[in-house]
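Presented below is the structure to which this report refers.
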């Protein structure tokens, strides 16, 4: 999901950090009333069909179900447990299990009902009417109402909440911008029809609007829980998800326990225990301290050997819908010069790094949309390795003369650890091929996210973007539109903005054609160095753990895990 930057704790750990997904067996009752909306959803799901070909390898098989037990795994301290503030996958992987919204994605990336049992769309595709389930309740047993959703939307958009993502994910709703600007506290486009009926009006027909509602910013919260407990409410959140927070000790552990009255049926597990203290995941797995671990370069060759006792527990999952990158703040020198940015792109031999440094565990990225994603353009050339061209571009830039070139600092998340090896190699290539020197500074993860949102960094790395929903808008518009809160590098191109606005509405194929042109324009403007798409992800999962799925996005899934007899 999330969504949202994800922290790259070294490529070896990506499997765990972003292998969060879900599924449910609920019968879909949505009453979509426009052909365009149906077509849009079909295209979105079709975009992931290639990745689903390996589904038999990325879903741990069935067995005689045994209810109960504790699932143990490694995780990291979440920067927040407030759905309206989350902008990273570390937080989202927990939040999607504690809270919920009107709709959700299952593990096949089908849009399915969550707290809403059905919805209707007006003939002009601008008004959505949701029916909330009678059985939808908060963890304390209180019924979920339409008024709860209206209050939650307004709380997310209120300036006092200071959500870094409310504008990005809610501003299609009529009246949200006025709340964000402090003009009013009422979202005029969200109407409570009755206790169980909610109506939402958007500013134009947008094929991806329902998908946007799957993001945690649109999740429902309990007003009493938030207002009475104030700033400490996330210590005891009254959510609606399949699990509730039982215990959280920072830097030690986080425990979730099942919600027995969950509206889609209680989880099979009793609890999920997340170890936040760190350690060697492989050693912990082999000592039966955790049930799942990612497999990195140091162990992969050994585990792939059929003679190894762990080989039978190896699971191969399809790549995630994600990309890692180096971002430039294009308002700060020397990155305000497009020729300088292009030169840095052309000076990196990604093929060499992928093969010799990262053992082909990644795929070099020359575009922005990941393989298999709707709108992916496999013919996009991008800014490929060409040291001669790189030198020429640098010589034509405003910063060819080292005396006129400011100190360059790339900021990464961390607290004193060693930077990822690929970044060190890239910085060395910049020096060898261009004579450009770059320093690295580290900032603690939560602070890093805050400073990223404030556009404080000259350049930034060590993170990536994972899809929240399968539509190119989630990458190209959210990350590169001039006024987007997630445009962390302040990139601005009026022609790109105009095309992105045009692509928000209209025929599905027309939208995809526009996005193809936009992606090429952005890549050539070089506000990023696209680095890596994921390749197959390798995990070890205990043989008695069943129902664990590994979709390409963060979606709720943990309630389906069970232990075989």
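The values are calculated or read from the model by the stated rules, or taken from the named source; none is laboratory data. Model, not experiment: these values are computed from the prediction. Neighbour counts run over all protein chains shown; Cβ positions are idealised from the backbone, glycine included.
Among (1) part of a strand (DSSP E or B); (2) modelled with pLDDT under 95, where does residue 207 come up short?
(1)
In the stretch 103-147, what residues are touching a helix residue (DSSP H, G or I) at 6+ places or on another chain (Cβ under 7 Å) and either buried (at least 21 other Cβ atoms within 10 Å of the Cβ) or modelled with pLDDT of 95 or more (or both)?
Of the residues in the stretch 103-147, the ones touching a helix residue (DSSP H, G or I) at 6+ places or on another chain (Cβ under 7 Å) are 103, 108-111, 121, 125, 132.
Scanning the stretch 103-147 gives 103, 109, 111, 121, 125, 132.
Which one of these does residue 378 not meet: (1) modelled with pLDDT of 95 or more; (2) under 24 Å from the mean Cα position of the chain (by Cα)?
Result: residue 378 fails condition (1) only.
Of the numbered conditions (1) in a strand (DSSP E or B); (2) buried (at least 22 other Cβ atoms within 10 Å of the Cβ), residue 440 satisfies every one except a single condition; which is it?
Only one criterion is unmet by residue 440, namely (2).
One residue is enough: does the stretch 231-238 have a residue meeting the conditions in contact with a helix residue (DSSP H, G or I) (Cβ under 8 Å, 6 or more places away or on another chain), over 26 Å from residue 453 (Cα atoms) and modelled with pLDDT of 95 or more?
Yes, some residue in the stretch 231-238 is in contact with a helix residue (DSSP H, G or I) (Cβ under 8 Å, 6 or more places away or on another chain), over 26 Å from residue 453 (Cα atoms) and modelled with pLDDT of 95 or more.
Per-residue answers, yes or no, for (1) in the same structural domain as residue 340 (by TED's automatic domain parsing); (2) at pLDDT 95 or above; (3) surrounded by 20 or more Cβ atoms within 10 Å (Cβ to Cβ); (4) touching a strand residue (DSSP E or B) at 6+ places or on another chain (Cβ under 8 Å):
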position	(1), (2), (3), (4)
446	yes, no, no, no
468	yes, no, yes, no
482	yes, yes, no, no
498	yes, yes, no, no
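What strands (runs of 3 or more DSSP E), lying completely within the stretch 78-127, carry at least 3 residues that are closer than 14 Å to residue 209 by Cα?
Passing ranges, in order: 103-105, 116-121.
Does any residue in the stretch 185-206 that is outside the structural domain of residue 126 (by TED's automatic domain parsing) come within less than 7 Å, Cβ to Cβ, of a residue that is in a strand (DSSP E or B) and surrounded by 14 or more Cβ atoms within 10 Å (Cβ to Cβ) six or more places away or on a different chain, and which pairs are these?
none
Restricting the search to the stretch 502-523, which residues are farther than 19 Å from residue 470 by Cα and touching a helix residue (DSSP H, G or I) at 6+ places or on another chain (Cβ under 8 Å)?
521, 522, listed by residue number.
Residue 167: more than 26 Å from the chain's Cα centre (by Cα), farther than 26 Å from residue 134 by Cα and in a helix (DSSP H, G or I), yes or no?
For residue 167, the condition - more than 26 Å from the chain's Cα centre (by Cα), farther than 26 Å from residue 134 by Cα and in a helix (DSSP H, G or I) - is not met.
Could you list, in sequence order, the residues of the stretch 400-430 that are over 22 Å from residue 441 (Cα atoms) and either part of a loop (DSSP other than H, G, I, E, B) or touching a helix residue (DSSP H, G or I) at 6+ places or on another chain (Cβ under 7 Å) (or both)?
Within the stretch 400-430, 400, 401 meet the criteria.
Going by the conditions given, is residue 476 in a helix (DSSP H, G or I) and over 27 Å from residue 391 (Cα atoms)?
Working: in a helix (DSSP H, G or I): yes; over 27 Å from residue 391 (Cα atoms): yes.
Taking the combined requirement at face value, the residue satisfies it.
Among the residues of the stretch 448-466, what is the count of those that are buried (at least 21 other Cβ atoms within 10 Å of the Cβ) and at positive phi?
1
Filter the stretch 447-473 down to the residues that are closer than 24 Å to residue 334 by Cα and part of a loop (DSSP other than H, G, I, E, B) and list them by number.
Those that are closer than 24 Å to residue 334 by Cα and part of a loop (DSSP other than H, G, I, E, B): 454, 455, 456, 457, 458.
Identify the single condition in (1) under 28 Å from residue 473 (Cα atoms); (2) touching a strand residue (DSSP E or B) at 6+ places or on another chain (Cβ under 8 Å); (3) surrounded by 21 or more Cβ atoms within 10 Å (Cβ to Cβ) that residue 150 does not satisfy, given that it satisfies every other one.
For residue 150, the failing item is (3).
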